[in-house]
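> Questions regarding the structure given below will be posed in turn.
The values are calculated or read from the model by the stated rules, or taken from the named source; none is laboratory data. Computed from a predicted structure; not experimentally measured. Every residue, glycine among them, receives a Cβ derived from its backbone with ideal geometry; neighbour counts consider all protein chains shown. Accessible surface is based on the protein model in full, side chains and every heavy atom, while ligands, DNA and RNA are left aside. Shrake-Rupley method; radii C 1.70, N 1.55, O 1.52, S 1.80 Å.
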Amino acid sequence: MTLREWLVADGLGGYAMGTEDGIRTRRYHGLLLVAARSSERRFMLVNGVEAWVETAHGTMRLTQQRYVPDVVEKAAHSPTFTAEPWPTWDFGRATHEVFGVKGHSATVLGWKLGGGAKARLHVRPLVSGRDWHALHRENADFRFDVQAADGRVSFAPYPSVPAISAHSNGTYRHAPQWYRQFQYDEEQARGQDFVEDLASPGVFTFDLSPASPEAWLVLTTPAEMGGVDVRGDVGEWCRAARDRERARLAAFASDEERLADAFIVQRGNRRTIIAGYPWFTDWGRDTFISVRGLCIGTGRLADAESILASWVPHLSQGMMPNVFPSGTGAPEYNSVDASLWFIIAVHDLAKAVSGGAVPQVPLPFIAACEAILSHYSRGTRHGIRMDRDGLLAAGEPGIALTWMDAVVDGKPVTPRIGKPVEVQALWINALEFASTWNKRWATAAARARESFAARFWNEQRQCLYDVVDVDHVAGTADDRLRPNQIFACGGLPDRLVSGDRARAICALVGEELQTRGGGLRTLGPRERGYVGRVDGPLRQRDLGYHQGTAWPWLMGAWHDATSQLMLDGDAHAGVRVPDLVRDLNGMQPAFEIADGDSPHMPRGCPFQAWTVGEAIRIMAR
């Protein structure tokens, strides 16, 4: 059974993350992962701690570790865990909490003794100092030497990674030691390397008593990496930081808004959205889909405008970049729909700012939208062009341009070359929005709508084709049942399909694609190529990523479509309306994907921005 995971984001792209029982199961689990301000690089600095308490009654372990071959060093007592307002473990006679300092690369660890007894707490930081995607092994280059002064101990494991500063109200004893062969179960299940060695330069010791029951350890980095400089009494500083963080979290109107805040970060001079924790950065398509809920749905309109504006300078030949890769690589222009989702996000922002009146679109956004539509109309990269029927054609061999973008052995698994259905829905919506300031686009929108109605309806199956003019061959169609057609019925400002056709589509999607708790399947279970489980090695997972795997983010459009049927008077339309009021309390509420087959086990990224964003967008209505 997959353990629930917790996340404490720092607002800069870094985080602390782990599991409810404290055992790290991913290479990405750790207490101090920081993001470089000048690039997209991230570094895992402190992976965890070993903590134990000595009392008159003996020694009690407070942490748990798993080692090869599946050997667990257990805590003395199974603690009670809560994620609210941040991860806290209650051992009965002691409690442990982990919280962040928003806007800074810093994690605060606190322990509190209960029961009116005296005790001595020992804490050993477990350090790697590595790239976040890598694993660490014992080596002779690791630098155990430290600098200690005025309650601060500084570690510099390697010259090429940020230094670590640890502030405490205890004492430090230098005692270098390697901890070998930690076992990460999730990495093993994903077919990845799963064994890591960590170094511990020394031990922090805290003498606790009823008069002084709290132990504090602040893990941070130098100021240029966003770290904090703890001055004066460490305990006093930590208590004040805790009060500020509690007040900040309490100010959010809901658990959903609080979770949304984790994805909105400052990257240098750029306000942006992290696509998912722990391994994604900021991606164009994900950002433009997510911003509708994370920012606009929560009333953070200034953040939404800043985020969207930050992408405009990178517009190229009408295309928004889909990926800003880690390091210093160039943006990647390999998405047909990212630019169209940008226009949809601009629409939603303008509508929210105008309070429901005629949207007043800022001139820079109008210019960007015009550039997108103009280039798409006359043709741009990767075969993207408006065809004679007014629909948008896209694609060329070897490139996956839609959101179904898995590539295996250099070949797209779902290439969808031609005229994909959701791309047409986005295209027509973008044209109709642009026609509010430029009547030129109204004619194009009308022609595209007419062609869509004539070309996409599959009379035999009573649904929409997924792609027409497949591989740019006129008159062909892909009739496999996929969820992309739902965007013609909901999820966008204007519907392309309503009435009997929408009812038929929703009935079929509800019967074949909707799962309980996992989202919509990406391929019907009766279709050729269906994959019901997405686990194992990367290649195996990618082959099934969009071939039956369920995606929760699609439930936003699905909810729109089914709710609209009810508004149209089809209360008994024969479709199951989804329940999107999920347990959004920071504990595995936002998974990326799930198995198409029951019991629909969560897979992929455990905290996905567009999953949360779409849930918020619907609940904000």
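> Can you name the residue in segment 99-119 that is assigned to a strand (DSSP E or B) and over 21 Å from the mean Cα position of the chain (by Cα) and is also modelled with the lowest pLDDT among such residues?
113
> Here is a list: 236, 196, 186. Which entry is within 30 Å of residue 141 (Cβ to Cβ), among the acidic types (Asp, Glu) and open to solvent by 30 Å² or more (accessible area, probe 1.4 Å)?
186 is the lone residue from the list that is within 30 Å of residue 141 (Cβ to Cβ), among the acidic types (Asp, Glu) and open to solvent by 30 Å² or more (accessible area, probe 1.4 Å).
> Which residues, counting only those in segment 220-241, are modelled with pLDDT of 95 or more, under 25 Å from residue 43 (Cα atoms) and assigned to a helix (DSSP H, G or I)?
238, 241
> Find the residue count for segment 246-274, including only residues that are open to solvent by less than 20 Å² (accessible area, probe 1.4 Å) and among the charged types (D, E, K, R).
Qualifying residue count for the region: 2.
> Moving to a separate point now. Quick check on my filter: what residues within segment 405-437 are out of contact with any helix residue (DSSP H, G or I) (no Cβ under 8 Å at 6 or more places or on another chain), part of a loop (DSSP other than H, G, I, E, B) and under 18 Å from residue 541 (Cβ atoms)?
Residues satisfying the conditions are 405, 410, 414.
> With respect to residue 414, is the statement that it is of a type in the set (Ser, Thr, Tyr), open to solvent by less than 10 Å² (accessible area, probe 1.4 Å) and more than 27 Å from residue 349 (Cβ to Cβ) true?
yes
> For segment 125-147, which positions are touching a Phe, Trp or Tyr at 6+ places or on another chain (Cβ under 9 Å), among the basic types (Lys, Arg) and open to solvent by 40 Å² or more (accessible area, probe 1.4 Å)?
The one that is touching a Phe, Trp or Tyr at 6+ places or on another chain (Cβ under 9 Å), among the basic types (Lys, Arg) and open to solvent by 40 Å² or more (accessible area, probe 1.4 Å): 143.
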